[in-house]
Structure formats: structure tokens, C-alpha cells
Protein chains: 2
Amino acid sequence: MDFDVVFFEAVSIIVSILAFGAAFWLYKWVVSQPSSNKRIAEIGKLIRNGANTFLAKEFRTLSRFCAVAAILILIFLPSPIWNGNPGENILMVVSYLFGTVISGIAGKIGISIATIANVKSAEASAKGIKPSFMAGFRGGAVMGMAVVGASLLGVTLVFFITNNATVLLGFSFGASSMALFAKAGGGIFTKTADISADLVGKVELGIPEDDPRNPAVIADNVGDNVGDVAGMGADLFDSNVASMVAALVMATAIDRANGGSVNAGMVFCYAAIGLLASIIGVLSARMRENGSPTKALNTNTYVTMVIFGVFTALATFAFQFQWRIWLASVIGLLVGVIVGIATDYFTDDTKKPVQNVAIASESGPAFTILSGFSYGLISSLPSMIGIGISALAAYRICDPLGEGYAMFGISMTAVGMLSVVGMIISNDAYGPIVDNARGLVEMGNLGEKALETTDSLDSAGNTVKAVTKGFSIGAAGLTVIALLGAFISEANDAAAVIGKELITGFDILNPTVFFGLLFGAAIPPVFSAMLIFGVDRNAQRMVSEIHRQFREIAGLKEGKKGVVPEYDKCIEIATTGALKELVPAGLITIIATLLVGFIGGVQAVGGFITGNIVSGLIFALFMSNAGGLWDNAKKYVEAGHNGGKNSETHKATIVGDTVGDPFKDTAGPSINTQITVVSLVASLTVNIFLTFNLFG
Amino acid sequence: MDFDVVFFEAVSIIVSILAFGAAFWLYKWVVSQPSSNKRIAEIGKLIRNGANTFLAKEFRTLSRFCAVAAILILIFLPSPIWNGNPGENILMVVSYLFGTVISGIAGKIGISIATIANVKSAEASAKGIKPSFMAGFRGGAVMGMAVVGASLLGVTLVFFITNNATVLLGFSFGASSMALFAKAGGGIFTKTADISADLVGKVELGIPEDDPRNPAVIADNVGDNVGDVAGMGADLFDSNVASMVAALVMATAIDRANGGSVNAGMVFCYAAIGLLASIIGVLSARMRENGSPTKALNTNTYVTMVIFGVFTALATFAFQFQWRIWLASVIGLLVGVIVGIATDYFTDDTKKPVQNVAIASESGPAFTILSGFSYGLISSLPSMIGIGISALAAYRICDPLGEGYAMFGISMTAVGMLSVVGMIISNDAYGPIVDNARGLVEMGNLGEKALETTDSLDSAGNTVKAVTKGFSIGAAGLTVIALLGAFISEANDAAAVIGKELITGFDILNPTVFFGLLFGAAIPPVFSAMLIFGVDRNAQRMVSEIHRQFREIAGLKEGKKGVVPEYDKCIEIATTGALKELVPAGLITIIATLLVGFIGGVQAVGGFITGNIVSGLIFALFMSNAGGLWDNAKKYVEAGHNGGKNSETHKATIVGDTVGDPFKDTAGPSINTQITVVSLVASLTVNIFLTFNLFG
């Protein structure tokens, strides 16, 4: 059978709508779950309001940024408005804004359901682990379905309407700029609140986590939602869009050369199957009475993968796609699993690294840091090799198909790795929901048994997160390698127009490329440092506020009945601070890219992107894994090992956890997006600095 | 005037001999200084014996490694003995062994004088700061003169005898493998002892630093010598040799093409002038009565630079060298200063970073770590840009001279940056000598005034170290960029012989190159982690030993007269542990390089070297600077800021300092050598994996 790309676009739209249907059904299901506890409803409302306040302020800040970006795009992209076709510039702006808005809506949906599901999961925990798990998981699944459905629908619509890969890059940049700020802003918010609450609550006053007397406790729960639900959703929305866009840029270039649209069709077909597999995985997810939540989450993921592998094979057979490309995308899936398992090894408390860090902590916090830091560094190796090998394999497998197929193969590896992204987001959003539920159980006094249930759900969330994080970093790595191909493709389109020599590659021995490499490699560390400083400064502000409340509000510390802290003050500080701190970090990335372009031209930018990818991957892997390791080492000690709770060892692991917090939830995962933004900015502006640059 | 290279070789040999003469004169001067205190003589002897014991054991371990390496070289290099000319293989082995032996001798000389100068400086401190400073500085200068004299003499002799650039690479590899183990081994030793002594002495028991009751105190002082004197000397010996060798490889390639030997002559001429400038700088170094030791040290360095700049200009004029290359080497010098100043900013306690870390430490050790970590990351940016710009500038300036000159220009930038290496080593070795002197003053009870004097000399050593470290990392970066050129030159020589296509570059878009990039970039983090683990494990062993002694030796804790701890047990542990821990880290680097070569061939290795350089520079800069920053933040608090000594803030900064210790003195500076080793191994084995590889 030989179908036009329009057929697969239609399929994609239908599957997207199916995903929205599934999301709606899940949403209804979650809302219909019983909830009656007034105290929990009240706190749940505080959390919901706090999250919505943050989101509203964040969107307001972002809209200003987007307005500036939109004006610049209108004037300069795809080519200066006075040179080219103003219609194209308008199309680009619309596409860009569409990308930001649709990503924002997905985030908003995620927050809405997460702040309902947390209450449902909390109340269900009194009845048993199964209903509590289902409420948490299905709440997360709403987000998963909404994000993946929206990203597939958005990409399909833009491509269907414009049939223009450059405009798609604009859409992707919209999603990326949203993700950069949502992830970094949410990340700063959540860790500000988390660290401050722990520092004053647990360390200074010795009151338990989630104690309602703590003025930062609501902010902490809000943070889980804005950082781990909305931020993470925007991040994966962005990765998913970027991988599809990179694949489509390559596919259309090949299709243009060979005639037909089979490769573009293949991209849509595979993406639709990935989403379909996720829908099936999510809807069929069950948990046995008193079963293991970790097992339930992982089983769903593996089921989704198998469905993807089998269905794409059938589709490849039916539609006569290239088997070699199918193989590349399946390799992506397998490497994702390998990277996930490697990540798991370094963060699982039944394995040596976590246990050794706990042992080292007996000698004091310096050794907690040194050993966790070292394991984190080592943990990057298997993933780096895995990403390198899968790119190499995809290239070699697809290269014989002809010009352009090699890079297309790499981009399809990323699409393969991200095929299960619907499942990944569901699992990821499950984490903060049950974390919230735990807080609500504590604050609502639902008793020890309910607390135990939510604790075990929470811990499953942490374990599963490690595997899914491996997937998302791996996929981001492959996507940006493919985006490098898109960058060249864009550069050559532009070069052809103005009659410049075509770019065939980036030679490391060219000192302009090398300069770009060194500069680009230095960006992720600086970006990370700025975010960590943001958390640091913001936490110091919040700690003073908490101190003030305990000092000035009579009866608060003693837990006098009816005395309530001013939760909203802390939310306000976290919100304002996060938005203030995220802008410079985001801007420096974009400005550095443009600077390198205007100084060194295309070759310097090629080096810059590459340096950025290489060091970005190392720091993303290192920070995420070290942070997860320290978190679990603390929990391991709290479970009674190496001295147990309140021992000196425990205090040392708390230092490790505090250091790890912004590593794993602010800086580490934001680097992903930072890399994508650099690649997209470069691709979009390449025709400008192809003409105007100092030394290129 | 037009001279043959032999003329400049003769000049180099004469200047080397002058350097040895200066070293001998300085040695005699130091030895002639008065010393009469029996207690100090006794402890000084313990330190000297400990250092010699370590050195002897280290040399024994290394000789086994070298024997294996020598056999492999004999069989395989420059080409398998059954294919090529066995005479060449023998030459290669001899050259390799010569490199290791001459580097070892320089280290041995350094240790010998340092363990005399420490005693002299200690006793002189009772008389005033000037004689104490001079004893310390001139002791360090012996090492400086010996190392640079030996490296220039070695390179000149090998080149004079063989006139073969490949054999020179063998010599350089000898120096590098020595440096890798000396720096890493010494680094593990010194930090094992330092951390253990502090942990039990200062933190647990609250006894002062350098208290003679502490069983690890002698090991700590031995560590300063084996890590910071012998290790650092071997490191800079290696850098200096590598920069000259890289320049000579390029120069001879150009000379071969153009006839004559003017460029090779220029390398020797500039290197000889650099050494001559250092001799003048060292011999003219004076300090005013009650002057500032920091100023004295820095003035000498700047004087040396000016002499180098002027003399090379005169030589360029007289011998009709290319002015463009002169400019490149002067740019190297200037960038070195800029990198040094940037480094200084992040580690100087009169600047914001150190003070902000002290403020952050008021909130606890987690914030010490987070803020210092972030500043460390940011600190890499100016140096990365500086190195990138100087490479770019050198390339552009020298490219118009013709084929091969661009890379030669980069290598001469490194030669320029390292021209003041004699001065740098003198200043660097001064540090541990006066640090030792401080210990001797404390243990010998020379009184408060003497302690104050040595404290101020010690602190000057730390400040100056930051600047010189910037120089050595910058120079290593430029050297390995040049070595990348040498690698290609070697690869093409080999390719020409077997009739393979010549390599013109390494295209980032080639997935084999990209795979190498990702793999190579992951090596420095893993290498660092292994060294830190080495320190960590070894310190735990030593802490148990110290605990045992305090438990079992009656009267030790109470300081009963005549009760002496078993110092040698601690030295034994540090020695054995360091040698055990260093081997895997060193081997993994070499094996990974060969593995990548045999899997992916020349292109993969090109990527591997580049990834290694890029991430290696970031980690070297980050770790060295963060470590220096934490050290100085602790000292800043100890000087009475932010709560002062024994406050909670102080405890937090001690955690930072402990984390920073292996960063700045073990892992950070060892990465330099690790990068060089990778480049050299690659260059030496390129003709083997050009023929035998899986996918290249």
C-alpha cells in the first residue's frame, strides 16, 4: 500500500483526539472518586489556589518574554521582513505563539487534575493501597495523555497547514521557550519551598515533614505541582515536539529529493502508534490488591514498549516503510531501557552506590558529598556511551538507504525512545500527586496506616522516576543530535538562497568550530550554577519569612488550636523569586548563541551546539543521578540503616539531600531544555548570521 | 642572520646547564642557612624519610608499569616490530624510558631540597619574614630550575640525536605517564593525610593543626612534599615537554615541506629564552624588609614575562623568525595572565565569591557546598573563552604564513604561556615548603611570632597558587589542541605508508567522531571520581588507624611527655593506599583510548581526544577553583568573619574545605595530565588502529 502523508496526518489527528478522549474519561473517573474530609478539602484548596496563582504569574511573565520574542521573530525570521515575504514571517510568529500556548494549556490541565487527584489519592489511602494508587496514577495519566495528544496534534496541524519545516521549527521553539521557563521557574519554586521547609521545620525545630504549623508547607506542596507536574510536562512536551520536528525536517528533505512523502508519513505513523500504545498502556494499567506500585508502573511501561515495537513492525510491513528505520527506532527504545537501568543502579537503595554513600556519611557530611558526587560523575558514563552507540548504530543502519537517511535514522531513534513518552509523563506526574497525598494525609491526620500507604506509593514514584529520567535525558541527547542535522539543513537552504558555499560539516580542526565547542561546553555549567544560585537566594528569603512568622505569630510554634501560619506569604516569595531568578539564566543561553553566531558564523555555532550537547548531557546526567542518589541515601538511613533517624549519619545525609535537591529538580532537568533551545535558536537565526558575522 | 637548528639546540643545552648551575647555587645557599633547633631537625628528618619512603615505593610501582609499557612499545611502536625497523622500536623505548627517568630525577631533586628548605624556613621565621621567605622561595626555585632545565635538556638531546618527531612523542609519553601517576598518587597521598589529620585532630578532638600528638601529622607534612612538590613538578615537567614536542612536531613538518630548519630552531630559541628569563627572575627575586610575600612572588612572575617578551622580540628580529608567531606566543602569555586573574577573582578572600560562600555557610554546610559548587562552575567560563579565543587568534594570525603554520601558531601560544614555567614551579613549590615550615614551627614550639610569620607566608602561597594554576590549566588546554594537530600529522604519516586516504579533519557530523566525542567527554568525570574515591577510601583506613593509636597508646591524647605516636604507620597507610588507588584510574584512561581506537579508528579517536579536552578543561577549572574557594572561605571565617572560629559557620566551611581538598589537590590538577596522556597514547598508536579497527 502506498499512502500520502495526509493519510498519516489524519491518523495522527484521530489518535490525538482519542488521547484527549482518554484524558477526559480519566479526568471524570478521578473527579468521581469519593472525598469527604473537610480538613483535606480545605488544604487541597490552598494548594490548588497556590499552584494557580503561580501559574498565572508565570504565564504573565512569560507572555512578556514571548511578546518580545514574537516581535523579533516577526521582524527577522525566517528572513528579515524587508528582504523576504512578510507572510512567511507572520506564519512563523503564529506558529511560535501556537507552540507556547498549546504547551501552556497542557501544563494548566496537568495542574488542574493533579490538584484534584492529590486529594482523592489521600482520602483513598485510608481504604487501601490499590484505590490510592489508581487515583494517583490516573491523575498523572490525564497529564500524560493531554501533553502527548497536544504535542502530536500541534505538530500535525502546523505541518498540515504550512507544509513547511522551518515554520515547524518556530512551533518547536515556542514549546522550548515555554519549557525553559516553566521547568526552570517551577524548579526554582519547588526547591525553594522544599529546602526552606526542611531547613526550619526538620533541622531547626525538629517538627515532622508536612507539619501544618510550618508556614512553608503549602508552598512545598504547591512546588511539587508547579515543578514536577507543570514544569516536567512542559519539558517533555518540548522534547516530544523537538524529536518529531527534527525527524520531519530530515524526512521532508529526503522526500523533496526523492519525490513522494513516505518518510514524513512514517514519522506521523510512528508518533501516532507511540501515542496509541501509551493510551492502551494507561487505560489497561491495573494494580493487584496489595501489589507493588513500582511493579505496576514498570509493567505498564514495558507493555507500552512491546505494543509500540509490534505495531510499528506491522505498519512498516503494511505501508512498505524502510525496515532499517524501524530498526533504528527500536534501538532507541532498547537504549532507553539500558540508560534507565544504569540510572536505576546508581539511585536504587538496594544497590551498592546508595548504601556506600550511607556508609561514607558515618564520617560526616563532607564524605556524603564526596562519595555521592563521585558516583554521580561515574553514572554519566554508561548513558553517554549508550547515546553515542545508538546514534552511531542508527547512522550506520540507515546510511545505505541514501543521502540524508543517516541523520533521519538518528532522529527516528529519538522518536522511538520518546514513543512511550505518554507513559513516562503519566508515571512522572504520579510522583508529585502521591507526594502531595502524603502531605495531605499528614496534615489531615488520617492516621498511621494511611501514612504508610502513601509513603510506599511515594517511594515507588521515586524509583520509577529514575528510569523515566534516563529516558528523557537520552531522548533529549538524540533529539539534539538530530537537530544539529536540522541546523545544517536550514543553513544550507539559506546558503543556497544567497549563493554562499554549502556547509558539508563542522571540522573540529577549524579553530572557529573549536572556539564554539569550548564556549558551548561552558554554558550548561554556568546555566546550572545560575539556577542553583536562584534557589539558594530564594530559599534564604523564605527562611527569613518563616523565622518571622514563628517569631511574630503567637502560639504557632506550640501548635495552639486555631492558629494558622500565613501560607500565602511563602507562596508569594517562592513565586516572585522564581520568576525573578529564571529570566537571566534563560536569556544568557539565547544571547550566548546569538553572540557566537554573530562573531563566528555558522561554523562557530556548529561547534557551540556540539559543545553544549556534550557537556549538557554530562551535567544533566550527573546532577539528576547524584541528586536522586542523595535523596535515597537519606531515606535509606531513615529506614534504620547506619544509625537511623536523628543520628549524625542521618544529619550528614540531610546535607547531601539538600545539595541534591536543586541538582535533581532544578538544574539537572532544565539542562535538557537549555540544549534544545540553543539548537532551535541556532536553526532559526542561521540565515541572519550567515550574512552578518564578524569572522565567519 | 640565518642559523641552523643545531645552533639553537646548542643554546638550549647551554641555558639548561645554566639552569642547573643556578639550581646548584640556590641549593648551596639554602643548605648554608643556619639551623640549630634539635626538635625541628628531628621532625624534619621524619618528614624527609617519609617522603623518600613514598618516593621509593612509588618509583618501584611505576617501574613495573613502565616495564610493561616499554615491552609493548618495543613490540608495537612506532610500528609492529615484525613489519618495520626494529632499530626504531628500540630508539622509541629508550626515548620513553629516558622521559620517565629524567622526570623522576627532577622530582627527587625537588623533594630533597624541599625537605631541607622547610626546616631552614621554619627556623628563619623566628628572625623575621624576609629570611624565612627567601629560604622558602629559593628552595622552591631549585625545583623550578631543575624541572625546566631537565625538560629542555631532555627534549633537545632526544631531538638532536634522533631528529625524529615521533621518537619525541615517546619521550613526552614517558614524562606523561610519570606525571599521571606522580600527580595522582601524590595527590591521593597528600589528601588522605590532610583530611584524616583534620577529621580526627581538629573536628573530633579539637587539637590544633600540626599538633605533634596527632599520628597523621607527619604524614600530612610528607603529603605536601610528595603531592605538591614532586607531583606538581612532574605535572609541569610533562606540560612543558608536551608543549615543546607539539610545537616541534608541527615545526618539523613545515620545515620538511619548505626546507631549512628555521621553525624548529625558533621553538628551541623561544624555550631557551623562557628558561633564561626564569633564571633571571628567580635569581633577582628579593623581598623588602617586612614586605608582602604575595607581591614579591607576583612581581617576579611579571618581570619574567616582560623579559621573555622583549628577548623573544629581539631574537625574532635578529634571527628573522616570523613576527606573527612571536605575536601568537605573546598572546599566550597575555591570555595566561587573564585566566590567572579570573581564577584569582573566584578564590581571593577580598572578592565577592569567597565572602558570599562564607555568608551562605551561615545557613549550614549544604549552602557552603551549593554556593561554592556554583561559583566553581561559573569560574570555568572566562578561562574556556580565553583558551578558545587565544587558539582562534593564533590560528588566524599564523594561517597566512602558509600550510601548517596555523597549528604551529597554536602550539607556540602554549609555548609562550609556559615560558614562565620555571617561575611558576618555583612559586608553586614555595607553597608546600612554607606550609611545612608552619608545621615545624608549631611542632617545634617556636612561638607565636614565628607562627604568624609562617602563616602569612603560607597564605601568600595559596593566593599565588591560584594564578599559577590558571596558567598551567590554560597551557595544558592549548598544548592538547596542538597535540591534536600532532595526532593528525602522525596519522597521515602512517596513512601515507600504507596507502590509505589522508585525514583532513574530524567532522562532528560523522557519527563515529560524535561517538568518540561523547565517550571522550565522559572520561575526565570518571577519572576524577575514581581519584576522589581513592582519597575517600584511603582516608577511612587512616582514620581507623589514628583512632587505634589514640585508644591503644597510653598518655598520647593527654600529651604526656615522651609519648610519641607511631607516625610511620600513617605514612605506610597513605603510601600503600595511594599506590593501590592510582593504578586503575590511570589504566582506564589509556585502555579507553585504545578501545575507542580499535573500535572506531582514527575518526573516533579524533572525537575522543576533543571530547576529552573539552570536558577535561571544564572539570579541571571547576574543581581547582571550587576547591581553592572553599579553602579560602574557611580561612576567611577563621580570620573572624561571619561568626569566626568554632562557630557553626566555621564548621560548615570545614565541610566545604574537606570536599574541596581532593577537588583542588587530587582530581583537578590530575585531569591536566590525563588529557595529555590520552593525546599522546593516541598519537603513538595511531598507525596500529589505522590498520586494525572494527568500524573505522
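Each reported figure results from applying straightforward, stated rules to the coordinates on display, with no laboratory input. These numbers were taken from a predicted model, which means no experiment stands behind them. Because the Cβ atoms are built from the backbone with ideal geometry, glycine has one as well, and the counts that use them run over all protein chains shown.
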Q) Cα-based Rg of the range A:494-621 per 2.2 N^0.38 Å, rounded to two decimals? A) 1.69
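Grab the DSSP H runs of chain B that are 4 residues or longer, score each as -39,500 (n - 2.57), total them, divide by all residues and round the 222 nm result to the nearest 500 deg cm²/dmol.
On the way: 19 runs with 565 residues, N = 696.
Theoretical 222 nm ellipticity from helices: -29500 deg cm²/dmol.
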Q) Where the Cα atoms of the range A:491-548 are projected onto their three principal axes, how long is each span, largest first, in whole Å? A) 66, 27, 11
(Q) When 1/r is averaged over all different Cα pairs and the result inverted, which Kirkwood radius in Å belongs to the range A:580-696? (A) 16.3
Q | Relative contact order (%) - the range B:16-112, alpha-carbon pairs under 8 angstrom, separation at least six | A | 23
Q) When the Cα centres of the range A:130-194 and the range B:435-452 are compared, how far apart do they sit, in Å? A) 64
Q.
Which trypsin sites (Lys or Arg not before Pro) in the range B:523-628 sit in a loop by DSSP (not H, G, I, E or B) and have at most 15 other Cβ atoms within 10 Å of their own Cβ?
A. B:LYS557, B:LYS560, B:LYS561
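Could you state the per residue volume, in Å³, of the convex hull enclosing the Cα atoms of the range B:106-196? List each step's numbers first, then the result.
Working: hull volume 9.0 nm³, N = 91.
So the per-residue Cα hull volume is 99 Å³.
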Q: DSSP loop (so not H, G, I, E, B), at most 10 other Cβ within 10 Å: list which trypsin sites (Lys or Arg not before Pro) in the range A:254-347 pass both filters.
A: A:ARG288
Q.
Out of the GluC sites (Glu not before Pro) in the range B:493-563, which ones are loop residues according to DSSP with at most 12 other C-beta atoms within 10 Å?
A. B:GLU501, B:GLU558
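Can you give me the relative contact order of the range B:542-648 as a percent, contacts being Cα pairs under 8 Å and 6 or more apart? Numbers along the way, then the final one.
Numbers: 29 pairs, mean separation 12.9, N = 107.
RCO, the range B:542-648: 12 percent.
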Q) Could you state the principal axis extents of the C-alpha atoms in the range A:419-574, from the largest down, to the nearest angstrom? A) 77, 37, 27
Q: Quick one: dipole size for the protein assembly as shown, taken about the Cα centre, charges +1 on Lys/Arg Cβ and -1 on Asp/Glu Cβ, in debye to the nearest 20.
A: 1460
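Report Rg/Rh for the range A:435-499, rounded to two decimals, where Rg is the Cα radius of gyration and Rh the Kirkwood radius. Kindly include the intermediate steps, with their values, before the conclusion.
Working: Rg = 23.6 Å, Rh = 15.6 Å.
When Rh is taken as the Kirkwood radius, the ratio is 1.51.
Kirkwood Rh, the range B:139-297, all Cα pairs: how many Å? Provide the component values of the computation, followed by the final result.
Working: mean 1/r = 0.0544 Å⁻¹.
Over the range B:139-297, the inverse of the mean reciprocal pair distance is 18.4 Å.
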**Q.** Inverse mean reciprocal Cα-Cα distance (Kirkwood Rh) of the range A:7-79, Å
**A.** 16.7
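What is the Rg over Rh value, at two decimals, for the range A:615-669, using alpha-carbon atoms and the Kirkwood definition of Rh?
Radius of gyration over Kirkwood radius for the range A:615-669 works out to 1.08.
P(r) tail for the range A:400-475, what percent of Cα pairs lie past 18 Å? Before the final figure, lay out the partial values.
On the way: 1569 of 2850 pairs.
It works out to 55 percent of all Cα pairs.
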Q.
From the P(r) of chain B, could you give the percentage of C-alpha pairs in the tail past 48 Å?
A. 12
(Q) Would you calculate the convex hull of the Cα atoms in the range B:193-270 and tell me its volume per residue in Å³? (A) 90
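Would you work out the relative contact order for the range A:5-691, in percent, from Cα pairs under 8 angstrom that are 6 or more residues apart? Don't skip to the end; give the middle numbers.
Numbers: 1326 pairs, mean separation 148.6, N = 687.
Normalised by residue count, the contact order of the range A:5-691 is 22 percent.
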**Q.** Ascending count of other beta-carbon atoms within 10 Å, so fewest first, for B:LYS664, A:LYS57
**A.** A:LYS57, B:LYS664
Q: Give the Debye-formula value of log10 I(q)/I(0) at each listed q (0.23, 0.27, 0.29, 0.31 Å⁻¹), with one equal scatterer per alpha carbon of the range B:423-462, two decimals each.
A: -0.65, -0.81, -0.88, -0.96
Q: Quick one: give the max-minus-min coordinate of the C-alpha atoms of the protein assembly as shown along each principal axis, largest first, in Å.
A: 92, 76, 56
Q: Quick one: P(r) of the range B:78-232 from all Cα-Cα pairs, 5 Å bins, percents rounded to integers, in order of increasing distance.
A: 2, 9, 14, 14, 14, 13, 10, 8, 6, 4, 3, 2, 1, 0
